[in-house]
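Step one of this worksheet: look at the structure below.
Throughout, read-outs are computed from the coordinates displayed, never taken from laboratory work. Remember, predicted model here, so these are calculated numbers, not experimental data. Cβ atoms come from the backbone with ideal geometry, glycine included; neighbour counts cover every protein chain shown.
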């Protein structure tokens, strides 16, 4: 259905934004080739985020969709996510080498441009993407996301899932102990 829609809209000259996972190179190559044969310029923009943020994003998307309509909510298994994460840097490098895209850009979630093949055509995007995927994330950085997801999971009554348990445990581990009360008597020597 997606292919038919792309074909039909491109025949009519619409500007298109096509989203994909980057799991393989076949579809982006075929789509870019087809669009270029119709006179389109093709560019590729990639979200580059740490693995944990990416996976949490799949959980949050599912929980949001579930709250809207449980029948159409789209879950992504951890295994499927991890396969994409593993293959994406090499797939992106392959796509860069094809020269099919007039620009390949990497952005973080804040919208900061991390890479552009126009600015550095001889440099592969792979190292930049790998660095971002493998970037260590501090607990305080993901705590708001974890809290948001936990709230959505409670709303959707998904407290029995392994994902909820893992998120809940991580949040508990991030809780700071309460500061000592200023009224607490100080014991000399301690």
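General remarks:
- Helix content alone sets the calculated 222 nm mean residue ellipticity of the chain: runs of n ≥ 4 DSSP H residues at -39500 (n - 2.57) each, divided across all residues, give -17000 deg cm²/dmol.
- Relative to the longest principal axis of the Cα atoms of the chain, the long axis of helix 78-98 makes an angle of roughly 40 degrees.
- Within the listed set 52, 18, 167, the Gaussian network model of the chain (springs between alpha-carbon atoms below 10 Å) gives the highest mean-square fluctuation for 18.
- Evaluated at q = 0.12, 0.17 Å⁻¹: base-10 log I(q)/I(0), Debye formula over Cα of segment 33-108: -0.49, -0.83
- Residue-span extension gain [residue 140 to residue 166] - 0.36 nm each, minus C-alpha spacing: 7.7 nm
- Helix 51-68 and the longest principal axis of the C-alpha atoms of the chain enclose an angle of approximately 90°.
- Axis of helix 162-174 versus longest Cα principal axis of the chain: the two differ by about 50°, to the nearest ten degrees.
- Amide N of segment 62-101 lying under 18 Å from the label point, which is placed 7 angstrom from the Cα of residue 34 along Cα→Cβ: 100-101
- Using a Förster distance of 35 Å, the FRET efficiency for residue 3-residue 114 (Cβ separation, nearest 0.05): 0.70
- Of the labelled figures [x] 9.8; [y] 18.5; [z] 16.7, only one reflects mean projected area of the Cα convex hull in nm² as derived from the coordinates, namely [z].
- Extension gain, residue 97 to residue 83, is 2.9 nm, computed as 0.36 nm per intervening residue step minus the present C-alpha separation.
- Contact order relative to length of segment 60-130, as percent, for alpha carbon pairs under 8 angstrom and 6 or more apart: 23
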